[in-house]
1. Exactly one of these conditions fails for B:Leu168: (1) in contact with a Lys or Arg (Cβ under 6 Å, 6 or more places away or on another chain); (2) open to solvent by less than 20 Å² (accessible area, probe 1.4 Å); (3) not polar (S, T, N, Q). Give me its number.
2. Given the criterion under 21 Å from A:Asp38 (Cβ atoms), of a type in the set (Gly, Ala, Ser) and in contact with a helix residue (DSSP H, G or I) (Cβ under 6 Å, 6 or more places away or on another chain), identify the matching residue among A:Ala253, A:Ala333, A:Ala308, A:Ala293.
3. Consider A:Trp179 carefully, then state whether it is under 20 Å from A:Val89 (Cα atoms), open to solvent by less than 10 Å² (accessible area, probe 1.4 Å) and touching a Gly at 6+ places or on another chain (Cβ under 8 Å).
4. Hey, any hits in the range A:300-312 for a residue that's over 30 Å from A:Tyr269 (Cβ atoms), open to solvent by 30 Å² or more (accessible area, probe 1.4 Å) and assigned to a loop (DSSP other than H, G, I, E, B)?
5. Pull out all pairs, ordered by first then second residue, where Cβ-Cβ is under 7 Å, the residues are six or more apart or on different chains, the first lies in the range A:458-475 and is in contact (Cβ under 8 Å) with a residue 24 or more places away in the chain and more than 12 Å from chain B (Cβ to nearest Cβ), and the second is open to solvent by 30 Å² or more (accessible area, probe 1.4 Å) and of a type in the set (Ser, Thr, Tyr).
6. Tally the residues that are surrounded by fewer than 20 Cβ atoms within 10 Å (Cβ to Cβ), hydroxyl-bearing (Ser, Thr, Tyr) and away from every other protein chain (no Cβ under 14 Å), restricting the search to the range B:266-289.
7. Residues in the range B:191-216 that are outside any strand (DSSP E or B), more than 19 Å from B:Asn264 (Cα to Cα) and in contact with a Phe, Trp or Tyr (Cβ under 6 Å, 6 or more places away or on another chain): how many?
8. Tell me yes or no: at least one residue of the range B:234-253 is touching a residue at least 40 places away in the same chain (Cβ under 8 Å), in contact with a Pro (Cβ under 9 Å, 6 or more places away or on another chain) and more than 22 Å from B:Leu141 (Cβ to Cβ).
2 protein chains.
Amino acid sequence: MKSFFSIVLLTFLLCGNSSAQPITPSDKPNKTQQLLIDRGYGMFIHFGVNTFTDQEWSDGKIPVGKYNPTKLDCDQWVRVARDAGFRYVLLTTKHHDGFCLWDSKFTDYDVASSPVKTDVVAEVSKACKKYGLKFAVYYSLWDRHEPLHNDPDPQKYVQYMMNQLTELLTNYGEVVELWLDGGWAKKQNDWDLDQLYTLVKKLQPNCAVGVNHTIVYEDGKRKFVIPDDMITDNKYYFQYFPGDFRLWDPKIAHLADKKQYLHNGQSYYMPFEHTICISKPWSWFQKSKPVPARSLDELEELFYWCTANQNALVIDIPAGPSGLIYEHEANTAIALAQRINIQKGKPLPKNGRFISMSKPATASSTDIQNEVLLDAKFAVDGGMQTRWAAKDTLAELVVELKPADKFNKISIFEYQDMRKGKNKDDEFSNYRTNRIEAYDIDIWKDNEWLNIYHDEASMDDCKVIRFPVFYQASKIRLKVLRATAPPSIWEFNIIDFSQR
Amino acid sequence: MKSFFSIVLLTFLLCGNSSAQPITPSDKPNKTQQLLIDRGYGMFIHFGVNTFTDQEWSDGKIPVGKYNPTKLDCDQWVRVARDAGFRYVLLTTKHHDGFCLWDSKFTDYDVASSPVKTDVVAEVSKACKKYGLKFAVYYSLWDRHEPLHNDPDPQKYVQYMMNQLTELLTNYGEVVELWLDGGWAKKQNDWDLDQLYTLVKKLQPNCAVGVNHTIVYEDGKRKFVIPDDMITDNKYYFQYFPGDFRLWDPKIAHLADKKQYLHNGQSYYMPFEHTICISKPWSWFQKSKPVPARSLDELEELFYWCTANQNALVIDIPAGPSGLIYEHEANTAIALAQRINIQKGKPLPKNGRFISMSKPATASSTDIQNEVLLDAKFAVDGGMQTRWAAKDTLAELVVELKPADKFNKISIFEYQDMRKGKNKDDEFSNYRTNRIEAYDIDIWKDNEWLNIYHDEASMDDCKVIRFPVFYQASKIRLKVLRATAPPSIWEFNIIDFSQR
């Protein structure tokens, strides 16, 4: 709600805080980053006007009256987060549409001007305190509603952001993270990140700041580095500086993810925060009709992968138009926490040792796409964005193992055919379908192949096979028996789950 | 191996054993039956000439030389049984084909005349002693190889069976169960069960005897009672008498299974032993190519169901032509034991309380087949052979619950379209496919339906939904969102898993 008494809140800046943690060149995490790494696992909540229109992005023109949750209960959101073992809650206080979930003095496009005036930021931050979770803020740089955003003088909109961030970072207690999005809408310098970052550190010294698509291949260019490529220290550059952690939703970092990135010739330590949706079709904002949740197998493997290696994970569990988180998604998140045994106050659980990592791999056939050989080795390279692809459906993948290494778990991330939901609910959701429908897992034992697993069901999004016994072998084979198209594998992980 | 010195082994009968446990009229288990009930969970092993021909039944004409396991290791079979929590091993010592897994003096159609002369009965019984399991014997009355079987004087073949059973029950230590099959091949009296039973009790006083298709609707007629109908005491009759337990493979008893059956006006207590295959397509004998195992969800629910109510369960895990149990099936059985926590020397674990049992049920539509209304009530009647069937694909089933009853688990046995494998591997295996492909589970809460589960994947053979929280409701609804044909449900169980 716009106030006639708008105060120039920048005056707050004069009250500096001596324990601020601005980023400095380093090869290890500073205190703010270490706190982020230690939290490790957060719940993302998308909520706003889009929730009421079955949309992912809207253009800032949805009438404020559309925002109308019938049973708004932010306490329920955070209870779910607590029960599901999350350590922090990250709330979309303002998405690209510019609608604010708090009563902002600087706009009327907010809850205070809507039919349900509850200050959602206040309620969520309050519930976080009540349940012992940390509170984090997502804020979109890009604003499709606020006219100042398009003012010829970019500082006008910077001032608008400074005012709003001041509200967010002074009125709601501790904020541990600020997630900035939509930077693509303007030239980097137009956001004046230096000024925003300084403000944040003044108001919330331990608040970690991240800007989506943080890192680029060439200094000054806008070609973002896919996280899978971030396996060399001091090779890539900040697009957005300063910042405390790397972002590129919804990409998955390499298992050998590196932490050193360059700005003005200096090297900075930067952990990565992963962002995934609990919904199977990547629905960030909740839909009026429920969509299926991801399988516990996939969530378990993504959890281990994304929280390993000094990185963090937020899982989006958006509230629906009723103002409640859907039971089936809440139950999935809680069941995941129970399955992998996340315990309050203890380090997050880890996956076992990947005994297949970077081992020699061969395949019965290998496809080439865009002049790149999709080699067997990519199935065991620790990267979720490189893959082995076969040329025929009845393909085989063989990985050499150290016979001394034992294993009792396998996880397989199969490449999936994907359709964006343009003809369906929205332009973001995607519908995935895997190809492998029957397969064997064999090990080389006493000079012949011994079958240890046989399935005639689809692999689904991620197949986890748990063995009640340990196996040792010099080779392991994935033998596809039936597939709807030549199969392809992102990652084929042979795991010793006793070495955690 | 036929011996020229065949001894008339019946002389053994003269050495009677005073602690024999023949069946007598009773309304409670005798010692032999109580031991069977307490064992509760056995591993069935089908092995024989069929194993080498990808057949389920053969006609007794397969040359004995076809029996040729390359790596026979009966110790491995029983290790698997031990690791999988089974309390006894039931071996097909002779199937309908007449081939004997031991060196029988009364036939040449046995292992001793084959390329691999190992006495499998001896090896298995020895391994059972080694690993602390009980040993049980399956023996087919029907014999398609032995000429005496078709002699005009039925006593000739009875004598043959007496001789062979004497071998089996004297040479291999304790035998806790004798499973007689194939009775349909002759008139009941031609088997002279009285004589066989008396012999068994003389040689193995605590050996429980069962004959497949034990119970009939009318005294003296051969129309077998399906186990689902056995819910009234003293209503049905023995077809085969005497005997200690009921059999009808592979049918599943009603949850309200009754135990009193009539013979000559007297009432006898008779527990039921269930018989299922670990393989998804009901493959009794192993095939040269592996077939998929059942899902752990289905096995868990069948385990609880079939071992409850003073009944027992044997699961068939047949050895393959190598002479080894397949790793993928062994692993499934072991994983089941770990999942439900079967512990040696402790009572078998139980399912929770079915709060939906016999509660009022209604459906959006109901089909009629063979002039029988497939009513909604059949989905909550505790019987796996009665079902609700809808007339349209987008059907709903609503069950009233007591609001005071809580639940945290649901299991759904969906009716499946089934194709016998006549055009595929053999005449027995069947291929099942379910119809429901997307569905909601909703509860009636605050005067509206609250969705608590949403899925867009096939229900598969048995769907188990575990909730990390307890729910209470006055009504629960299964709402089908997509199905390939009008859905039908055998059982829709709402379970309080804390009441076990």
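The values are calculated or read from the model by the stated rules, or taken from the named source; none is laboratory data. Predicted model, so just to flag it, every value in this text is computed and none were measured. Neighbour counts are summed over all protein chains in view; Cβ atoms, including those assigned to glycine, are modelled from backbone coordinates with ideal geometry. Just the protein is used for accessible areas: all its heavy atoms, side chains included, with ligands, DNA and RNA removed. Shrake-Rupley method; radii C 1.70, N 1.55, O 1.52, S 1.80 Å.
1. So B:Leu168 meets the others, but not (1).
2. Just a single option satisfies the conditions, and that option is A:Ala253.
3. yes
4. No, because not a single residue in the range A:300-312 is over 30 Å from A:Tyr269 (Cβ atoms), open to solvent by 30 Å² or more (accessible area, probe 1.4 Å) and assigned to a loop (DSSP other than H, G, I, E, B).
5. Correct list of pairs: A:Cys462/A:Ser295.
6. Total satisfying the criteria: 1.
7. Residues that pass the stated criteria total 0.
8. Checking the range B:234-253: at least one residue is touching a residue at least 40 places away in the same chain (Cβ under 8 Å), in contact with a Pro (Cβ under 9 Å, 6 or more places away or on another chain) and more than 22 Å from B:Leu141 (Cβ to Cβ).
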